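Presented below is the structure to which this report refers.
The values are calculated or read from the model by the stated rules, or taken from the named source; none is laboratory data. All values derive from a computational prediction rather than experimental measurement. Note that we place each Cβ from the backbone using ideal geometry, even for glycine, and neighbour counts take in every protein chain shown. Just so you know, the surface numbers come from the protein's heavy atoms only, side chains and all, with ligands and any DNA or RNA stripped out. Shrake-Rupley method; radii C 1.70, N 1.55, O 1.52, S 1.80 Å.
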Amino acid sequence: MTEFAVENTLVTAETAVVAAGRPERQQGAGLNPSISLNSTFVSRGVPAPGDPGYARYDNPAHHSAEEVIGLLEGGEPAVLFASGMAAIAAAMSLTAPVGKIVLPNHAYNGTLTLADELDQLGRITAQRVQIDDTDAVIAALAGASLLWIETPTNPLLELADGPALVAAAHAAGALVVVDNTVATPLRQQPLQWGADVVVHSASKHLGGHSDLVLGAAVAVDPAVDEHLRAYRRTHGATPSAFDAYLLLRGLRTLALRVEKAFASAVILAERLAQHPAVARVRYPGLGAIISIEVEGGAAAADAVAERTRLWVPCTSLGGVESMLERRRRWPGETKDVPENLIRLSVGIENVDDLWRDLAAALSG
């Protein structure tokens, strides 16, 4: 079990998400960090190290959440971004000019869209691979400057052999970025495989309450960390102080939410596999996301999403509420994602309530 140093004490992740990122213990001081609602700060002369100066460069309100996420992932303090896509764009900027990036056939739609756009502009060469085919990925790494791993993939939930791919990428001279949004750092820590950067849509499990848009990236190398921070400054991808506060508040219950949602996902996947209206269940046993293919095609899948009463039809994941959607309803979704595939994001409700609602919707 991985342990983390908090207040000069080794603790588990469940304790670290609660205890880390607290203000210094002083008589009369607040238990929680204050929200710094400032766009600019008093600054005279040459700025000293740690002088935020202007809130686009840095904001003290970010630091506690950055500390907690960096601690959980095992790297530098995280860099918060105004969205998950902003974090993805910053990490993708590590690709050498006109360099090759190898990335999964199936991944978060925004990641693939951005890579395609950069390819069309001639800034990179994007090569897609089947990320769970280790030999195919290794073969594609020749001449690559960046390997992008998503595991499990979204929405097909394929698993990559992370340690093997990281080792092969580094041998080929490529950096490695891992999107750890679905699994969370409580279930896997890609930096321990040797990955260079981990990214998150913090709007999902880390925030956990479907009330903020935020991203995060964690690096191991201080130089890479500075590259990410410089990208944020230059591109204006800095989140608000209040969003950072909401993220920190959500992180405090991350372990409880993940434990509940992941346990329920295992139960639901087993029951779904026995339902006659379900043609296929995709669940690798890691995370709170299940993808199912229903009998009857796209129309049947749409009907299931319309009939649920507890499951909310929407396009996110990782919240306290259970959500579902037919992914191919989005025109930009990868075309070999089945038309009848429904992605389920399991929340923290009672699992039997969730099952009754889903089973009734599937039965029509």
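Taking first residues from segment 191-214 that are touching a residue at least 60 places away in the same chain (Cβ under 8 Å) and of a type in the set (Val, Ile, Thr) and partners that are in a loop (DSSP other than H, G, I, E, B) and open to solvent by less than 10 Å² (accessible area, probe 1.4 Å), the Cβ contacts under 6 Å between residues at least 6 apart in sequence or on separate chains come to Val198/Asn180. With the structure loaded, tell me whether Leu118 is part of a helix (DSSP H, G or I), open to solvent by 30 Å² or more (accessible area, probe 1.4 Å) and out of contact with any helix residue (DSSP H, G or I) (no Cβ under 6 Å at 6 or more places or on another chain) or whether it fails that test. Yes.
If the condition is being in contact with a Leu (Cβ under 7 Å, 6 or more places away or on another chain) and open to solvent by less than 10 Å² (accessible area, probe 1.4 Å), then segment 242-263 contributes Ala244, Leu247, Gly250, Leu251, Leu254, Val258.
Note on segment 158-181: among residues that are open to solvent by 10 Å² or more (accessible area, probe 1.4 Å) and assigned to a loop (DSSP other than H, G, I, E, B), the one that is nearest to Ala140 (Cα to Cα) is Ala172. When Val218 is tested against (1) hydrophobic (A, V, I, L, M, F, W, C); (2) part of a loop (DSSP other than H, G, I, E, B); (3) in contact with a strand residue (DSSP E or B) (Cβ under 8 Å, 6 or more places away or on another chain), only condition (2) is not met.
Return the pairs, sorted by first residue and then second, in which the second residue is open to solvent by 70 Å² or more (accessible area, probe 1.4 Å) and modelled with pLDDT under 95, the first residue lies in segment 5-27 and is under 13 Å from Leu71 (Cβ atoms) and of a type in the set (A, V, I, L, M), the beta carbons are less than 7 Å apart, and the residues are 6+ apart or on different chains. As it stands, the answer is Leu10/Glu3; Val11/Glu3; Ala19/Glu7, since those pairs meet every condition given.
You will find that of Ile138, Ile131, Ile149, the residue that is open to solvent by 10 Å² or more (accessible area, probe 1.4 Å) and in contact (Cβ under 8 Å) with a residue 24 or more places away in the chain is Ile138 and no other.
Listed by position, the strands (runs of 3 or more DSSP E) contained in segment 248-364 that have at least 1 residues being modelled with pLDDT of 95 or more and of a type in the set (Val, Ile, Thr) are 278-282, 289-294, 341-345. Return yes when Arg229 is within 16 Å of the chain's Cα centre (by Cα) and under 30 Å from Leu94 (Cβ atoms) and no when it is not. So Arg229 does not fit the description; no. Quick one: is Pro239 part of a loop (DSSP other than H, G, I, E, B), under 22 Å from Ser39 (Cα atoms) and modelled with pLDDT of 95 or more? For Pro239, the condition - part of a loop (DSSP other than H, G, I, E, B), under 22 Å from Ser39 (Cα atoms) and modelled with pLDDT of 95 or more - is met.
Restricting to segment 269-282, what's the tally of residues that are of a type outside the set (D, E, K, R) and open to solvent by 50 Å² or more (accessible area, probe 1.4 Å)? Please lay out each step first, then the result.
At the first step, the residues of segment 269-282 found to be of a type outside the set (D, E, K, R) are 269, 272-279, 281.
If we keep only those that are open to solvent by 50 Å² or more (accessible area, probe 1.4 Å) too, we end up with 273-274, 276, 279.
Residues meeting the conditions: 4.
Within segment 55-75, being of a type in the set (Gly, Ala, Ser) and modelled with pLDDT of 95 or more holds for Ser64, Ala65, Gly70, Gly74, Gly75.
Could you tell me which residue of segment 308-364 is most open to solvent (accessible area, probe 1.4 Å), considering only residues that are in contact with a His (Cβ under 7 Å, 6 or more places away or on another chain) and over 16 Å from Gly110 (Cβ atoms)? Among them, the one singled out is Val320. Scanning segment 296-307 for residues that are touching a helix residue (DSSP H, G or I) at 6+ places or on another chain (Cβ under 6 Å) and open to solvent by less than 60 Å² (accessible area, probe 1.4 Å) gives a single hit, Val304.
Of all residues in segment 131-156, which are assigned to a loop (DSSP other than H, G, I, E, B) and of a type outside the set (Gly, Ala, Ser)?
Applying the first criterion (assigned to a loop (DSSP other than H, G, I, E, B)) to segment 131-156 yields 131-133, 141-143, 151-156.
Scanning segment 131-156 gives Ile131, Asp132, Asp133, Leu141, Thr151, Pro152, Thr153, Asn154, Pro155, Leu156.
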